[in-house]
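Undergrad: Dropping a structure here in structure tokens format, bear with me for questions.
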Amino acid sequence: MGLAVPGFRSPPGLVGVDRTIRRPHGEPIIAIRVRGRPAADIVADIVEGVLVANDVSRVDGRRLRHSLLEAVEGSIRSAA
């Protein structure tokens, strides 16, 4: 899809937030709170983080979001 894959970590350094993005040295790092959250919300934050890290426009974001979520769902189905 031509997207750069950011780094990920957990949890975010800010209390009370589910997702943050930092760009130390120009490279995006996305922090996501995992504990106590539904898997679907975590996956949605990962996808949104990738789109934000790549500065994807709102129009392109709809298409890419759908494609990324379909890829995750396909991986889950094939693993079952």
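The values are calculated or read from the model by the stated rules, or taken from the named source; none is laboratory data. In this text, all values refer to a predicted model and were calculated from it rather than measured experimentally. Neighbour counts are summed over all protein chains in view; Cβ atoms, including those assigned to glycine, are modelled from backbone coordinates with ideal geometry.
Undergrad: Output the number of residues of segment 8-59 satisfying the condition of being small (Gly, Ala, Ser) and more than 21 Å from Leu69 (Cβ to Cβ). First the steps, then the outcome.
TA: Let us first name the residues in segment 8-59 that are small (Gly, Ala, Ser), namely 10, 13, 16, 26, 31, 36, 39-40, 44, 49, 53, 57.
Going one step further and asking which of them are more than 21 Å from Leu69 (Cβ to Cβ), we end up with 13, 16, 26, 36.
Counting residues in segment 8-59 that are small (Gly, Ala, Ser) and more than 21 Å from Leu69 (Cβ to Cβ) gives 4.
Conditions tested, residue by residue: (1) closer than 14 Å to Pro6 by Cβ; (2) modelled with pLDDT under 95; (3) in contact with a strand residue (DSSP E or B) (Cβ under 7 Å, 6 or more places away or on another chain).
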| residue | (1), (2), (3) |
| --- | --- |
| Ile32 | yes, no, yes |
| Ala39 | no, yes, no |
| Val52 | yes, yes, yes |
| Arg58 | no, yes, no |
| Glu70 | no, yes, no |
| Gly74 | no, yes, no |
| Ala79 | no, yes, no |
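Undergrad: Which residues, counting only those in segment 13-42, are under 29 Å from Ile76 (Cβ atoms) and over 14 Å from the mean Cα position of the chain (by Cα)?
TA: Matches in segment 13-42: Val17, Glu27, Arg35, Gly36, Arg37, Pro38.
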